[in-house]
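Written out below as structure tokens is the structure these notes cover.
The values are calculated or read from the model by the stated rules, or taken from the named source; none is laboratory data. All of these numbers come straight from a predicted model, not from anything done at the bench. FYI the Cβ positions are ideal-geometry reconstructions off the backbone, even for glycines, and counts take in every protein chain you see. With ligands, DNA and RNA removed, areas are computed over all heavy atoms of the protein, side chains included. Shrake-Rupley method; radii C 1.70, N 1.55, O 1.52, S 1.80 Å.
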Amino acid sequence: MRFGGVDERIGELAAQANPAPPLPVRQQEVAMNRQQRYFRIPFIRPGDQYKDPQGKKKGWWYAHFDGPWIARQMELHPDKQPILLVAGKDDMEMCELSLEETGLTRKRGAEILGRQYEEIWERCGGVQYLRSAIESKQARPTYATAMLQSLLK
């Protein structure tokens, strides 16, 4: 019992040295870090660059960023099946850069609406792909996984 006052005083000193930030600032940081952004970038495979001067072999790279990190990614090639990737399951094949590092936010015309992304994602079988990754516990918790899980309930 003799040390009770000492322990309380140490706790007070620690709290003074490391004050918790006000709650509204912390909530604002979380909201800012979890902003949902969607992008679409055209690309031409290096081997097709000079074979097709009209650009008919152009593909599209789609990305959904959940805060600063990618949550879902798609590659649409003209002559191939779509490539779908989700965070957690496909990390080794996905973009490893943060949103800021990609420069996508500064690329004119790259950002698209969420509903545009979702339309392509659904058309390409993304809902089933993500559901499978969730059920096998391979998908990392993201905004997309939370939205799908809420729809399934």
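Compare the peptides 81-93, 104-116 by average per-residue count of other Cβ atoms within 10 angstrom and give them in order, highest first.
Details: 81-93: 16.8, 104-116: 11.9.
By packing density, highest mean first, the sequence is 81-93, 104-116.
For the range 68-120, just say rounded, prolate or oblate: build the C-alpha gyration tensor, square-root its eigenvalues into a ≥ b ≥ c, call rounded for a/c under 1.5, and beyond that prolate if a/b exceeds b/c, oblate if not. If you can, show how the numbers build up before the last one.
Values: a/c = 1.67, a/b = 1.12, b/c = 1.49.
Judged from the Cα gyration tensor, the range 68-120 comes out oblate (a/c at least 1.5, b/c at or above a/b).
What ranking of H64, H77 comes out by heavy-atom accessible area, probe 1.4 Å, highest first?
Working: H64 0, H77 25 Å².
Ranking H64, H77 by accessible area, largest first, yields H77, H64.
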